[in-house]
Amino acid sequence: MVTTKFTPAPPATTREQRGLALYRSRGAGIIHEGRGVYSVPGRSGGSYTVNLSVFTDEPETCSCPDHARHPELTCKHLAAASIYRAKSRAKARREQHQRAASRAARASLAGLAAAL
Ligand SMILES: [Zn+2]
């Protein structure tokens, strides 16, 4: 009787998943340099420059070795910077809505006060 040993493959982690993990662990260290360019912390203490190319049609770039080897793929730094940007924009929109709501409330109160 022949038996084959089944060795399960190690859990697959995609670059996107590693980017999410990087955002969760080091997201506070991401710096927005401006115009879609971010400084994203690396694992070894340094940081990589990510350009999300949000204002151009150029492809996204990252200064890490993984992106140099596979420029066609989204490295974890690109993924982390994309998450950071989406979260920052959502936060800015929320704050804008809150400011608009409190302005509307003040205007409404002013209207009520004028009617007294
Ligand atoms: Zn990278």
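Computed from the coordinates by the stated procedures, all read-outs in this text should not be read as laboratory data. Remember, predicted model here, so these are calculated numbers, not experimental data. Cβ coordinates were reconstructed from backbone atoms using ideal geometry, including for glycine residues, and neighbour counts include every protein chain displayed.
With +1 on each Lys and Arg Cβ and -1 on each Asp and Glu Cβ, and nothing else charged, work out how big the dipole of region 15-87 is about its Cα centre, in Debye to the nearest 20. If you can, show how the numbers build up before the last one.
Working: 10 positive and 7 negative charges, 87 e Å.
Dipole magnitude for region 15-87 comes out near 420 debye.
How far apart, in nm, are two points set 7 Å out from the Cα along the Cα-to-Cβ line at A104 and at F55?
3.2 nm
Run the helix sum for the chain: -39,500 (n - 2.57) per DSSP H stretch of 4+ residues, divided by residue count, reported at 222 nm to the nearest 500 deg cm²/dmol. Kindly include the intermediate steps, with their values, before the conclusion.
Details: 3 runs with 57 residues, N = 116.
Rounded to the nearest 500, the figure is -17000 deg cm²/dmol.
What is the Cα centroid distance between region 27-75 and region 92-112, reported in whole angstrom?
37 Å
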